[in-house]
Amino acid sequence: MIQQNPDRYPLQGGQISPPAEQPDACALKRFLACVGVCWACCGVLAGGAALPFRHVVVDANGPSHPHCKTVGDVDGDGLTDLLAGGAENGGVVWYANPSWSKHRIDQGSFSTDMQVGDVDRDGDLDVIIPKLGVGLVWYENPRPAGNPARDQWKMHVISAGASVSLQRDDFHHDVEVGDINGDGKLDVVTRGGRTRIFLQNNPDSWATVVIPTDGRGGLALADLNADGLLDIVENGYWLECPKDPGGGTWVRHEIASGWPDDVGVTVADINGDGRPDVLLAPAERPGRLAWFEAPAQLPSGRWIEHVIASDVADIHTFKVADMDGDKQLDVVTAEMEQSPQKRISIYFNEGRGEKWRQQVVGTTGSHNLRVARIGRGNTLSIVGSNHGNNGAPPVIDLWENVSGEPAAKTGLSTRP
């Protein structure tokens, strides 16, 4: 039973363009036409200061239908790079921070999610992604001996056969990585028609566990019951990891009923009580963004729903991070190109999950967004792109948080 509380809630260099105007936008704004730079405080509801963001077009001609996006330090220089993969023969590429020079990893079609992680335990980030017509694969970073910008990325097949076509119900729609069985090796979990766990024997040998969960999207990994094992969280329920993840039964426990079979889901301690809470949003329809307060006892106990926003739509992926540095976790969302408002938003947590304030960072829409530290400071920025299925161009966007820059530098930036 759920108790609901309605009051809770390669381009060589990027092109820089102004964020969409908001009714409550700050007046301070400087345009430098000679270098095409715009800086602005984006719209924010009354009650708090807005974070300033600079919209950077990393690539105006990214991979065709760029379904897959992620971030990570690909070249080992200490800066977060961007990665994108396209579903219509767009290939998979990475963009080197700070020049945003584009480097191809492979050709082909990729959908719908991707992650980075050290699959072969050689100290660098590899790429895990579904390749249409092949299956779930990982690409070996040429480092440490080679150069990821110049040398070939070797493809390894984790599981052949699925992800042959986006029209099938049986494909890898969501991808997450983590050490499921505690052996120190990176494992992979996917969802799309079924939930699959790929337990790594070695980088070229994987044991497969299939859980008949149905549904298309919504996947997160977290240790909900504090037993040291990663559980699987999906659309309104969680699957408890058995002591033997490869041979035991993954028991389903309900969080909340009535959620569609395609959601965005993430896990974080929203109210600071030391227990991981679950956040849900509708991925392909209008609905509400909500967090569910974890009970003190699991698997028994009641999850309490708190609505963050009741007017969202088409939030495919969202993230949780402390965007304003107040030691409370905020929620970053993007409504996709088919949504009515196409908002990229931050919901600031202003009272242990009891009070929220929305800032609209942009209104171009985005899909499978990521949050990352782009510079060498501590500010967090937003990365994404539209999927293009409804006609949006394949633009790779960065909403760069410039709150850590001095005012003069912020207004007069000559960054390309």
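Determine whether VAL320 is farther than 16 Å from ALA256 by Cα and open to solvent by 10 Å² or more (accessible area, probe 1.4 Å). Here the answer is yes, as VAL320 does meet what is asked. For the residues TRP250, TRP238, TRP206, the requirement of being closer than 23 Å to VAL320 by Cβ, buried (at least 17 other Cβ atoms within 10 Å of the Cβ) and aromatic (Phe, Trp, Tyr) singles out TRP238.
Region 68-113 holds strands (runs of 3 or more DSSP E) entirely within its bounds, and those carrying 1 or more residues that are within 16 Å of ARG376 (Cβ to Cβ) and open to solvent by less than 40 Å² (accessible area, probe 1.4 Å) map to 68-72, 81-85, 92-96. Just to check your reading of the model, which residue among THR80, THR112 is under 21 Å from HIS172 (Cα atoms) and not aromatic (Phe, Trp, Tyr)? Just one listed residue meets the conditions, THR112. Within this structure, GLY264 fails the test of being closer than 25 Å to SER381 by Cα, within 23 Å of the chain's Cα centre (by Cα) and open to solvent by 20 Å² or more (accessible area, probe 1.4 Å). Taken over region 114-135, residues that are in a loop (DSSP other than H, G, I, E, B) and out of contact with any Pro (no Cβ under 7 Å at 6 or more places or on another chain) amount to 7. Scanning region 214-268 for residues that are in contact with a Ser or Thr (Cβ under 7 Å, 6 or more places away or on another chain) and in a loop (DSSP other than H, G, I, E, B) gives GLU234, GLY236, PRO242. Within region 347-366, the set of residues being open to solvent by less than 10 Å² (accessible area, probe 1.4 Å), among the polar types (S, T, N, Q) and assigned to a loop (DSSP other than H, G, I, E, B) comprises just one member, SER366. Among the residues of region 285-309, the ones that are in contact with a Gly (Cβ under 8 Å, 6 or more places away or on another chain) and open to solvent by 30 Å² or more (accessible area, probe 1.4 Å) come to 1 in all. Among the residues of region 87-94, is there at least one that is modelled with pLDDT of 95 or more and closer than 16 Å to ASN147 by Cβ? Checked against the condition, which is being modelled with pLDDT of 95 or more and closer than 16 Å to ASN147 by Cβ, region 87-94 yields at least one hit. With respect to the conditions (1) touching a Ser or Thr at 6+ places or on another chain (Cβ under 6 Å); (2) open to solvent by 10 Å² or more (accessible area, probe 1.4 Å); (3) on the phi > 0 side of the Ramachandran plot, GLY391 lacks only one, and its number is (1). Within region 47-67, the set of residues being modelled with pLDDT of 95 or more, of a type outside the set (Ser, Thr, Tyr) and assigned to a loop (DSSP other than H, G, I, E, B) comprises LEU51, ALA60, ASN61, GLY62, PRO63, HIS65, PRO66, HIS67.
The condition of being farther than 23 Å from HIS65 by Cα and part of a loop (DSSP other than H, G, I, E, B) holds for only one of ASN181, ASN201, that being ASN181. Answer yes if at least one residue in region 136-146 is part of a loop (DSSP other than H, G, I, E, B), open to solvent by less than 40 Å² (accessible area, probe 1.4 Å) and in contact with a His (Cβ under 8 Å, 6 or more places away or on another chain), and no otherwise. No, region 136-146 contains no residue that is part of a loop (DSSP other than H, G, I, E, B), open to solvent by less than 40 Å² (accessible area, probe 1.4 Å) and in contact with a His (Cβ under 8 Å, 6 or more places away or on another chain). Annotation for region 294-301: no member residue is part of a strand (DSSP E or B), out of contact with any helix residue (DSSP H, G or I) (no Cβ under 7 Å at 6 or more places or on another chain) and not aromatic (Phe, Trp, Tyr). A residue that is of a type outside the set (Ser, Thr, Tyr), assigned to a strand (DSSP E or B), within 28 Å of GLU234 (Cβ to Cβ) and open to solvent by 10 Å² or more (accessible area, probe 1.4 Å) cannot be found anywhere in region 326-346. Of the set (1) in contact with a Gly (Cβ under 6 Å, 6 or more places away or on another chain); (2) of a type in the set (D, E, K, R); (3) open to solvent by 40 Å² or more (accessible area, probe 1.4 Å), all apply to ARG376 but (1). The residues of region 209-231 that are in contact with a Lys or Arg (Cβ under 8 Å, 6 or more places away or on another chain), on the phi < 0 side of the Ramachandran plot and open to solvent by 40 Å² or more (accessible area, probe 1.4 Å), listed by number, are VAL210, PRO212, ARG216.
The values are calculated or read from the model by the stated rules, or taken from the named source; none is laboratory data. Quick caveat: nothing in here was measured; it's all calculated off a predicted structure. Cβ coordinates were reconstructed from backbone atoms using ideal geometry, including for glycine residues, and neighbour counts include every protein chain displayed. Accessible surface areas use protein heavy atoms only, side chains included; no ligands, DNA or RNA. Shrake-Rupley method; radii C 1.70, N 1.55, O 1.52, S 1.80 Å.
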